Structure formats: C-alpha cells, structure tokens
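Colleague: The structure's right below; bear with me while I get my questions together.
Where a number appears in this text, it was derived from the coordinates with a stated rule and is not lab data. Predicted, not measured: the structure shown is a model, and the values here were computed from it. All Cβ positions, glycine included, derive from the backbone under ideal geometry; neighbour counts span all protein chains shown.
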Amino acid sequence: MTSRTVQLQTALLTCLAFCSSAEAGEPPAIDRLNPPGGQRGTSFEVKIVGKAGDGDLKVISEADSIALVLGEKRDTATITIAPTARAGIHWLRFANPGGATELKPFVVGLIPEAAEVEPNDKIANAQQAALPSVTVNGVLEKSRDVDTYAVQLTKGQTLVATLLANQILGSPMDAVLQVSNARGTVVAQNNDDTDLDPRLVFTAPSDGTWFVRAFAFSSAPNSTIQFAGAADYVYRLTLSTGPMVEHTSPVVKFAEDAETSLSLHGWNLAATATTLAKEVKTLEEGLALPLAIDTSDVPVVLEAQLSPEKLLTLPVAVSGLISPEGTDTYLLNAVNGQQLSLSVRARIYGSQLDPVLAIQDKDGKQLKEADDINGENADAELQFAIPADGQYRITVNDRYQHVSERFFYVLRCEETRASFEATLKNTAFTVPADKPLEIPVTIERKNGFVEPIDFRVEGLPEGVTAECPRSEKDGDSSTAVTIKLSGVAKQTFQGTIKIVAESADSKLLRLGSLTTADRKPISALWLTAIAPEAPAPPAEPAAAEATTPEVPKP
C-alpha cells in the first residue's frame with residue numbers, strides 16, 4: 001500500500017468521524033404554513049413557507065393530533081387534523097434528521113374554512129362567504145390590497161367578524177374591518193379590538209347583501225398612510241351569525257374545583273350557562289370560535305358573590321365587571337407590615353377595560369396607584385406594604401372612565417411571596433460536534449427573592465453532559481446564566497429535555513420556559529444530538545501483482 005493510499009484512507013476516516021452534521025443534512029427552516037390553520041377532522045394541502053431541509057420531515061404536535069405528509073417537491077404538504085384535536089391555538093414544531101424549528105402557530109377550528117380568492121378588492125368582485133359560519137384564510141399580499149367578502153343577512157341578524165393576524169400569527173399588520181352596503185357606504189368599522197386585531201359586531205338594519213372589507217397598515221410605525229400588504233400579511237377572518245362567546249363569568253376557574261359553573265357572554269347565544277369539568281379547559285360545543293378558559297391557583301369568586309361591602313379574604317381572584325358608576329371598590333382588613341401583591345388582568349382576556357388599580361386608606365386617601373405594567377401590557381399590578389393595622393380600599397376603574405358589558409376583569413389579591421422565574425429565548429437546540437452548545441437563561445427575581453439558584457438538565461442523551469453555573473443572589477449571575485451542553489451522543493438523539501431551576505434554601509422549583517403569544521409556558525425543549533457515523537472498516541491491502549519469473553537464457 002502506497003503512502004498516498006494511507007493518507008487518503010486516514011482523511012476519509014477523519015471525515016466520517018467528525019462530519020456527522022453534514023451527513024444529517026440541512027435542518028428545516030420553516031417560517032409558517034399557509035393556510036395557518038384548518039377545521040378539525042379534515043385534510044388539506046398547505047404551502048410551506050421556508051425550507052423543509054433534507055430527509056424525512058415530521059411535525060410534533062399536541063397529542064399527535066396533527067399529521068403531515070410532505071409533498072414531492074418539498075414545498076407543500078398535506079395536513080390532517082384529527083377529529084379529536086383540541087380546538088384553538090396549537091404550537092407546532094417541524095423536525096428532520098438535521099434538527100428542528102422553533103414553535104410555529106397553527107389554529108384548529110370548529111367551522112368550515114375557505115381560501116381567499118383574488119381578485120376581491122371591490123364590491124363588484126367581492127368573494128361570497130357562506131354563512132352561518134366560515135373562516136377565510138387570506139393574505140393582504142401587496143400594498144393597497146383590500147379583501148372584500150359578501151354576506152347575506154336578514155333584518156335584525158347579527159354578524160360577528162373576527163380577524164386573527166398580528167396577535168397570534170405574528171403578521172406585521174394593524175388590520176381594519178369595515179361593513180358597507182352595496183353603495184359602498186361604511187356602516188360599521190373596527191380596529192384594535194384585541195390589541196392590533198379587529199373584531200366587528202354588526203346587526204343588519206334590513207335584508208340584503210352586506211360587504212365586509214379587510215385592509216391593514218404596517219404594525220411598525222412609519223410615515224406612510226397608505227394601505228400596506230406583503231406576503232406575510234396572513235390572516236384568518238371568521239364571519240359568523242352563529243353562537244360566539246367572548247368571555248365567561250367567572251373569567252377564570254379555580255384549578256382545584258371538580259367543576260365550574262360558567263355564565264356565557266357574547267353574541268347569538270342560545271344558551272347562556274354551562275358547566276366545565278376540571279380537566280376541560282376550552283369551550284367548544286356549538287360555537288363558531290373556541291374559547292380557552294384559564295385556571296387560577298387561588299380561589300375564584302364572582303364579584304356578585306361577595307358581601308355587600310365587598311370584603312375580601314386572601315388569597316382570592318375576583319371575577320368582576322366595571323359598575324355603571326365607573327369604579328369598583330373592595331375592602332380589605334390588613335395589619336402593619338403585611339406585604340400585598342395586587343393585580344388586574346383584563347386585556348389579556350380580550351376585555352375592553354384599560355385598568356387602573358389603586359389602594360386607599362379607609363377614608364379614601366390614595367396610597368398607591370398602578371396603570372400599565374409596561375409599554376406592551378396595559379394591565380395593572382402593584383406591591384404594597386401595609387403601614388398600619390386597619391381597613392383598606394382597593395379600587396378598579398377604566399383609564400378613560402368607560403363602562404360596558406365588555407369591561408370585565410380578574411382582580412387578584414394575595415400576600416407577597418418571594419419567587420423567581422427562569423426564561424428562555426429558544427426552545428429548539430442542536431449540539432454542535434466541535435464546540436459546546438450555549439443556552440442563555442434569564443432569571444427574574446420577584447419580590448425580593450435573594451436565594452442562590454442551582455440548575456440541572458434532565459433528559460440528556462448518553463455522551464452529552466451539562467455545565468450548569470449557579471445563579472448567585474447578587475452580581476451578574478443573579479439575573480442571567482449560560483448553560484453549556486457538550487460531548488458526543490452515543491446514538492443520534494432527537495427528543496425533549498428540561499432545564500430545572502431549584503432555589504438553594506427553600507427548594508422552590510421552576511422550569512426554564514418560553515411563553516407563547518397565547519400565554520402558554522413551553523418547558524419541553526427539543527434537542528438534536530447527532531452521533532458520529534461509525535468509521536468504515538479499513539480497506540484490505542491490495543494484492544501483490546503476479547509476476548512471471550524470468551527464465552535464464554541458455
């Protein structure tokens with residue numbers, strides 16, 4: 001064997017040992033599916049926006065309720081939603097042998113769906129929408145784009161038009177909905193009903209054809225005032241004259257109750273009450289849109305169930321509605337030095353209330369007030385140390401002194417508990433072959449939490465180890481640490497891991513998580529660790545050439 005042959009074999013073995021990521025191929029880089037949702041119990045084709053990567057592509061979904069079959073050209077797929085799938089927002093992950101994507105929103109609906117068909121920018125070419133209920137998947141695909149839908153209504157019939165785009169789907173648009181008559185006169189309009197997404201409620205004054213128009217501006221402020229559009233201005237528009245629940249009373253349910261009686265508030269409702277079992281977290285039956293019901297870890301009480309003076313017993317979550325007078329007042333008996341945490345949640349539940357929360361002494365002197373939590377959260381919260389024994393007043397009102405049946409809220413009152421949260425910016429990771437994987441973790445210490453915090457990673461494959469620094473009570477590590485994963489997996493691994501944070505003294509446990517746009521903490525993190533391909537067996541030495549012995553001349 002020549003020295004050159006040995007060098008080539010050595011190079012080949014080195015490549016096989018260290019180039020495993022290349023063997024696995026490109027990971028998926030999928031931005032979204034179009035349409036971004038569908039009716040449960042159906043199969044339909046979607047366009048893959050982005051790249052499917054190399055190898056088999058699979059979708060990871062809740063309870064395996066959504067399946068995917070990749071198309072031949074790898075830019076489309078067939079989605080099948082199980083009849084038993086939970087209605088509402090799902091967060092999908094796409095994976096192939098090379099890695100996985102971050103979570104992508106996908107909506108499972110209850111009613112028939114349709115695709116937008118262009119042109120539909122004018123009343124003359126408006127797309128017909130089949131009532132009583134339909135969800136249209138559309139795109140405002142270019143500047144100045146307007147999508148128009150025609151609906152048939154009888155006098156007194158109420159149409160609810162709900163557009164989902166910016167809030168969950170992440171479309172960079174601030175949409176507007178209008179209803180016009182056949183002459184083009186606008187008779188109803190809405191924008192920003194739920195953050196930047198509109199909802200419009202229209203009761204027809206006469207029989208006839210009415211036209212729903214959707215258009216948008218950029219969600220990022222700019223100097224232009226023209227209608228905006230682009231390939232990512234994706235929306236789901238639900239048009240319905242059927243039952244629609246906006247909220248319930250109580251707004252949330254106590255996690256420990258075996259069942260919860262709920263009053264229903266919305267439009268076109270045949271029934272105004274229902275009972276929800278402990279394990280059920282979504283209203284679905286007979287509705288045009290599902291409604292997720294949050295749970296509370298403290299007892300829940302209706303405002304109307306309190307004593308006439310509305311005296312509170314801590315801890316409590318009060319489900320309330322702003323009174324016609326414009327301010328709701330609650331009483332609380334407290335002692336000197338008692339630390340209180342108060343909050344009002346309204347906007348996150350779709351309420352029109354922009355809450356202002358305050359605490360006063362028994363004579364009405366204001367001691368502390370809170371408005372928006374931050375520039376992106378219009379709800380309110382405050383912490384307060386009681387200065388003396390006595391009775392105190394807690395007030396809730398709208399910032400603009402508005403009132404209506406849509407100004408509902410949850411007031412939470414409890415003694416302050418020191419705690420912490422560990423948050424992540426990503427949920428999908430791949431361990432490189434040549435260097436450690438770094439996972440930054442942000443630590444939010446709440447209400448004076450000063451204990452050191454230790455971390456560990458659960459579920460790692462054999463051959464991969466974690467270096468987990470301690471978060472000390474002060475210094476840089478008190479607010480952020482970086483976990484490092486290194487090593488080589490004995491076998492290729494694709495699955496979930498968890499980052500566990502535990503306080504040193506009180507042993508308080510938290511999972512490292514990312515919170516989705518619909519307020520769901522995701523703590524199951526997806527890890528890809530590719531094992532090196534086994535080296536090829538050494539080549540057999542080349543057989544020596546047969547030679548013919550030279551015959552001596554006579």
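Colleague: What is the distance, in nm, between label points placed 7 Å from the Cα along the Cα-to-Cβ direction at S323 and at A255?
Modeller: A separation of 3.2 nm, rounded to one decimal place.
Colleague: Distance from the Cα centre of region 37-61 to that of region 423-496, in angstrom?
Modeller: 31 Å
Colleague: At each listed q (0.23 Å⁻¹), what is the log10 of I(q)/I(0) that the Debye formula gives for region 300-415 modelled as equal alpha-carbon point scatterers?
Modeller: Ignoring solvent entirely, the Cα scatterers give -1.42.
Colleague: Can you list the aspartates and glutamates whose alpha carbon is less than 14 Å from that of K51, not counting same-chain residues fewer than 8 positions off?
Modeller: Of all the aspartates and glutamates, those that pass the test against K51 - Cα under 14 Å, at least 8 places apart if same chain - are E26, D31, E72, D75, E102.
Colleague: Tell me the chymotrypsin sites (Phe, Trp or Tyr not before Pro) within region 405-475 that lie in a loop according to DSSP and have at most 15 other beta-carbon atoms within 10 Å. Kindly include the intermediate steps, with their values, before the conclusion.
Modeller: Details: sites: F407, F408, Y409, F420, F429, F449, F455; in loops: F407, F449.
Listed in order of number, the matching sites amount to none.
Colleague: How long is the gain from D518 to S43 if the chain were fully straight, where each residue apart is worth 0.36 nm and the alpha carbon distance is subtracted?
Modeller: Stretched out fully, the D518 to S43 stretch lengthens by 168.5 nm.
Colleague: Follow-up. Relative to the first principal axis of the alpha-carbon coordinates of the chain, what is the inclination of helix 3-18, with its axis defined by its Cα atoms, in degrees from 0 to 90 and to the nearest 10?
Modeller: Taking the Cα atoms of the chain, the angle to 3-18 is about 20 degrees.
Colleague: Averaged over every viewing direction, what's the projected area of the C-alpha convex hull for the chain? Give it in nm², one decimal, please.
Modeller: The orientation-averaged projected area of the Cα hull of the chain comes to 38.1 nm².
Colleague: If you don't mind, there's one more thing I want to ask. Checking the cross-link filter: which lysines have an alpha carbon closer than 28 Å to that of K122, excluding same-chain neighbours under 8 positions apart?
Modeller: Hits, sequence-local ones excluded: K47, K142, K155.
Colleague: Right, here's the next one. Across bins of 5 angstrom width beginning at 0, how are the C-alpha pair distances of region 278-359 distributed, in whole percent?
Modeller: Histogram of Cα-Cα distances, whole percents per bin: 3, 10, 19, 22, 19, 13, 8, 4, 1, 1, 0.
Colleague: Please work out the FRET efficiency for the pair T295 and Q167, using the Cβ-Cβ distance as r and a Förster radius of 30 Å; give the result to the nearest 0.05.
Modeller: Efficiency computed from Cβ-Cβ geometry: 0.90.
Colleague: Can you list, largest first and rounded to whole Å, the semi-axes you get for region 72-150 by taking the square root of 5 times each eigenvalue of its Cα gyration tensor? It would help to have the intermediate numbers written out before the result.
Modeller: On the way: eigenvalues 176, 68, 25 Å².
Three semi-axes, in Å: 30, 18, 11.
Colleague: Return a whole-number percent for the relative contact order of region 266-422, with Cα pairs under 8 Å and 6 or more residues apart as the contact set.
Modeller: 28 percent
Colleague: May I ask for log10 I(q)/I(0) of region 384-466 at q = 0.25 Å⁻¹, from a Debye sum over the Cα atoms as equal point scatterers with solvent left out?
Modeller: Ignoring solvent entirely, the Cα scatterers give -1.29.
Colleague: List the residues of region 112-135 whose backbone N lies under 13 Å from a point placed 7 Å from the Cα of A182 along the Cα-to-Cβ direction.
Modeller: 124
Colleague: Determine the gain in length on full extension of the stretch D476-H402; use 0.36 nm per residue of separation and subtract their C-alpha separation, reporting nm with one decimal.
Modeller: Taking 0.36 nm per residue and subtracting the Cα distance, the gain is 22.2 nm.
Colleague: Also, I was wondering about something else. In Å and on Cα atoms, what radius of gyration and Dmax does region 113-242 show?
Modeller: Cα-based Rg and Dmax for region 113-242 come out at 13.7, 42 Å.
Colleague: Looking at region 419-529, what % of the alpha carbon pairs are farther apart than 24 Å?
Modeller: 25 percent
Colleague: For region 338-379, what is the largest minus smallest coordinate of the Cα atoms on each principal axis, given in angstrom and ordered from greatest to least?
Modeller: Largest to smallest, the principal-axis extents are 33, 20, 17 Å.
Colleague: Among the lysines, which fall within straight-line cross-link reach of K278, defined as a Cα-Cα distance under 17 Å, with same-chain neighbours fewer than 8 residues apart omitted?
Modeller: Straight-distance partners of K278: K253.
Colleague: Hey, what number do you get for the chain at 222 nm if only DSSP H runs of n ≥ 4 count, each worth -39500 (n - 2.57), divided across all residues, to the nearest 500?
Modeller: -1000 deg cm²/dmol
Colleague: Next question. Note down the Stokes-Einstein diffusion coefficient of region 247-291 in µm²/s, whole number, using a Kirkwood radius over alpha carbon pairs, 4 °C, and 1.567 mPa s.
Modeller: 118 µm²/s
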